[in-house]
Structures are given as C-alpha cells and as structure tokens.
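K.L.:
To start, I am sharing the structure in question, which I have written as structure tokens.
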Amino acid sequence: MRWSDHCLICSGQQELVVNVRERGPHEQMHDYTRVLFCCACSVGELRSFSYDGFVVFGEEDEVMVWSSILSAADVDTLRSAFTCSTPLAGNCECAEHVRAYDTSLRVNKTRLPEHGPDRHSPAGRTTAVVELVDGLAEFR
Ligand SMILES: [Zn+2]
Ligand SMILES: [Zn+2]
C-alpha cells in the first residue's frame, strides 16, 4: 500500500515525519495515522489510512483514506517538539505518541475518494495545526 504515502499534489514520494500509530500490515488489515511531508511542494499532511480485507463486497470500501493539510511550519514544530526518540515507531505507546494519536482522531480530516476521476484529489482538504500542550505536541 505504498502508493498511499505519495503526495496528493505532485504524486512524489513523501518523507515520513511521524508514524503516529500503525497496526499491521497484516494480510487482511492495515491501518495507520502518519505525518507526511513533501519537500517538492513544501506541504505536510496528517493522513489516516485504513485497509480492512473483511468488509463485504459492495457494502463498504476496503480502503479508506482521510487527509488534512499541515503547514511546513507546523511540520517543523512537530519535528522539534515531538518528545519521543522513536517518532517512526507506530507501535510506541509513550505519552507523546498517545497524545498525538488521541488528538489526531478529533482533527477534521477530509475523506479522499477511492474511486473515480477525483481519486485521492487534494481538493477541499481541511487544515490541521500542531500545538504544544503541557510539553507534548498535539493536533488541533
Ligand atoms: Zn508534492
Ligand atoms: Zn513514542
């Protein structure tokens, strides 16, 4: 599912800045929430990806992707403020990883269409911000 981390604007490979949470990949399941950054576009994003191989055909999409824009400044803030020494460890359960994941759930993200001409279009995306609260970086 590597395609999913490509930049929505230029389709280039993005840098993985923080792997907020990841389960899998397993054969029938993979989901993650990641902060990605595209150097070419100087735009970051908070992306949530979910693959569920058990959904009944026609009832729901197997793959669902949500995205919200993060400014380059906010990505820089996250790089310097993220207190965990293993930001790419999506299974880490430290206070910083937990705070980032919990707050990422509340962020208003845009569901990216999985089919049709607008597949994974960047149009209409919401913007998330990074804030420091009690010494931990979180999403708003
Ligand atoms: Zn790009
Ligand atoms: Zn951690």
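Taken together, the values in this text are just the output of simple stated rules run on the coordinates, not laboratory data. As the structure is a computational prediction, the values presented were derived from the model and not from experiment. In this analysis, Cβ positions are derived from the backbone assuming ideal geometry, glycine residues included, and neighbour counts consider all displayed protein chains.
K.L.:
Using Cα atoms only, what is the angle between the long axis of helix 95-106 and the major principal axis of the chain, expressed in degrees (0 to 90) to the nearest 10?
P.N.:
50
K.L.:
While we're on this one: Determine, for Leu46, Leu136, the number of other Cβ atoms within 10 Å of each Cβ, and report the residues in order from fewest to most.
P.N.:
Ascending number of Cβ neighbours within 10 Å: Leu136, Leu46.
K.L.:
Turning to a different aspect of this structure: Please report how far the C-alpha centroid of the stretch 81-103 lies from that of the stretch 1-55, rounded to the nearest whole angstrom.
P.N.:
Comparing the Cα centres of the stretch 81-103 and the stretch 1-55, I get a distance of 16 Å.
K.L.:
Shifting gears a bit: Ala89: net charge of surrounding residues, Cβ under 14 Å, Lys/Arg +1, Asp/Glu -1, itself excluded?
P.N.:
0
K.L.:
Still on this model: What order, most packed first, do the peptides 73-81, 53-61 have when packing is the mean number of other Cβ atoms within 10 Å of each residue?
P.N.:
73-81, 53-61
K.L.:
Any chance you could give the angle, 0 to 90 degrees and rounded to 10, that helix 72-81 forms with the longest Cα principal axis of the chain?
P.N.:
Helix 72-81 sits roughly 60 degrees off the main axis of the chain.
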